[in-house]
Amino acid sequence: MNAAAKRKAAAKKRAQAKKKAQARKKALLAAAKRRKLEELRRKKAKRLLEEKRRKAARQKIIDARKRKARLALEAKRRAARAKKEAKAKAARKRADEQRRKAAKKKAEAAKRAARAKAEA
């Protein structure tokens, strides 16, 4: 093998080595980029999940407040209805009592009239 051929072979080897090194460098950069993107994606997913969790917690509190308010309102309405019913019951009782008294009075009057008629 003469010197020119040796030089040519050495240059070819160097070129191949350079190509290989460039390919390795490119692959490493791509891998780094991929890792970075994956990390960003993971962070975003984590953040979204955290926000979702916080939102759910807030919603839970809001729902609890609404439920409490609704129950309070229902209790208030129940109490008002019970009061109204008690009032109506008392009024009915009074009316019955008055009717009974009136009937008793009428009966007494009728008895007196009958007695007076019998005496006369």
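A short reminder: the numbers here are calculations on the coordinates, not readings from a lab. Predicted model only: the values in this text are computed from it and were never measured. FYI the Cβ positions are ideal-geometry reconstructions off the backbone, even for glycines, and counts take in every protein chain you see.
When you check residue 118 against the structure, is it surrounded by 10 or more Cβ atoms within 10 Å (Cβ to Cβ) and either touching a residue at least 40 places away in the same chain (Cβ under 8 Å) or part of a helix (DSSP H, G or I) (or both), yes or no?
no
Here are some residues: 69, 4, 30, 82. Which one is assigned to a helix (DSSP H, G or I) and either touching a residue at least 12 places away in the same chain (Cβ under 8 Å) or exposed (fewer than 10 other Cβ atoms within 10 Å of the Cβ) (or both)? Can you show your working first?
Working: 69 fails: either touching a residue at least 12 places away in the same chain (Cβ under 8 Å) or exposed (fewer than 10 other Cβ atoms within 10 Å of the Cβ) (or both); 30 fails: either touching a residue at least 12 places away in the same chain (Cβ under 8 Å) or exposed (fewer than 10 other Cβ atoms within 10 Å of the Cβ) (or both); 82 fails: either touching a residue at least 12 places away in the same chain (Cβ under 8 Å) or exposed (fewer than 10 other Cβ atoms within 10 Å of the Cβ) (or both).
Result of the check over 69, 4, 30, 82: 4.
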